[in-house]
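Reading through the structure tokens given below for one structure.
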Amino acid sequence: MAAELSTSINIKEPRWDQSTFVGRAKHFFTVTDPRNILLTNEQLAHAHKIITDYREGIVSPGLTEDELWRAKYVFDSAFHPDTGEKMILIGRMSAQVPMNMTITGCMMTFYKTTPAVLFWQWINQSFNAIVNYTNRSGDAPITHVSPLIGRFVPFAAVAAANCINIPLMRQRELQHGIPIMDENDNRLGESSKAAQQAISQVVVSRILMASPGMAIPPFLMNHLEKKAFLRVSTPHRFRFLFFSLVFATPLCCALFPQKSSMSVSRLEPELQEKIRANHPGVERVYFNKGL
């Protein structure tokens, strides 16, 4: 008879070492797995029960360690890490690949007229707004340009929009701060400085995430479409985008640890004083940077 699974496994943290890029990449390949959007409400509820019970020291009969980790990632794919609420489907990171593939493909296909550019940018930024809000940190509520340059309009627009959209949707964090913890997850307060670092890291990740699918194809398609027999069809564009995003999404998410940190000396002066008075041994604070 198999031994009961230990209750000492730390499922608050990812399964792989987050101090290495490889460990973070493995983590985010699991987090952004598009198959997670196909999970039923029953499957999500089952994973929720396994994780909730395990956190209270209750182990489901016959549960293995691999099944526990699978339940953890199913749970994480659908429920916000700070609020615990179920996230809207298209805002989940597992929806990034199919949604971005569709929207980016349309932006790169219909870029030659101003109405088309405006429409697909509106669609893109509406989607980004949903994603940015869903994955926030904390628990509080084209003319006269060459064809090649024209092809870069979608990427330039996405990069610029991310620099505006993400801080805008997360402005409450910048105003009021995000929860900061010590290494044992004890809450020490809220910091706007931590929010600034978190949001900056997310902006960089999002821009780089769009690069393989939007910065490389313009050169490729511009070269191929000069040759009549090598015209790039829309289905081929979508296939290229799909494979680019499958890898770019988790790898760019993995650039920075999900549980980010900063020195106490970089926090707001009044918060530094509070921490040094009440927690004199704390030198670094930790926080969820969001996605």
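The values are calculated or read from the model by the stated rules, or taken from the named source; none is laboratory data. Since we're looking at a predicted model, the values are computed, not measured. Counting neighbours? That spans all protein chains shown, and the Cβs are built from the backbone with ideal geometry, glycine included. Protein only, heavy atoms only, side chains kept; ligands, DNA and RNA dropped before computing areas. Shrake-Rupley method; radii C 1.70, N 1.55, O 1.52, S 1.80 Å.
Values computed for the structure shown
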quantity: Solvent-accessible heavy-atom area per residue, rounded to whole Å², over region 68-111 at 1.4 Å; calculated: 33 Å²
quantity: Cα-projected label distance for R187 with Q201, points at 7 Å along beta-carbon direction, nm; calculated: 2.0 nm
quantity: Sequence-distant lysines (8 or more away, or on other chains) whose Cα lies within less than 17 Å of K112; calculated: K226
quantity: Label-point separation in nm, E42 to S126, each point 7 Å along Cα→Cβ; calculated: 3.3 nm
quantity: log10 of Debye I(q)/I(0), alpha-carbon scatterers only, for region 21-86 at 0.15, 0.24, 0.26 Å⁻¹; calculated: -0.49, -1.13, -1.24
quantity: Cβ-derived FRET efficiency at R0 30 Å, L208 paired with T109, nearest 0.05; calculated: 0.85
quantity: Contour excess over end-to-end distance, with Cα ends at I9 and I90 and 0.36 nm allotted per residue; calculated: 26.1 nm
quantity: Flagged links, alpha-carbon separation over 21 Å, of K12/K86; K86/K289; K12/K49; K26/K193; K49/K259; calculated: K26/K193; K49/K259
quantity: Backbone N within region 69-89 under 20 Å of label point (7 Å from Y133 Cα along the Cβ vector); calculated: 78-89
quantity: Relative contact order of region 1-90, pairs being alpha-carbon contacts under 8 Å that are 6 or more residues apart, as %; calculated: 33 percent
quantity: Global form of region 96-135, assessed from the alpha-carbon gyration tensor, a/c cut-off 1.5; calculated: oblate
quantity: Counted charge near H27, where neighbours are those whose Cβ lies closer than 14 Å (Asp, Glu -1; Lys, Arg +1); calculated: +4
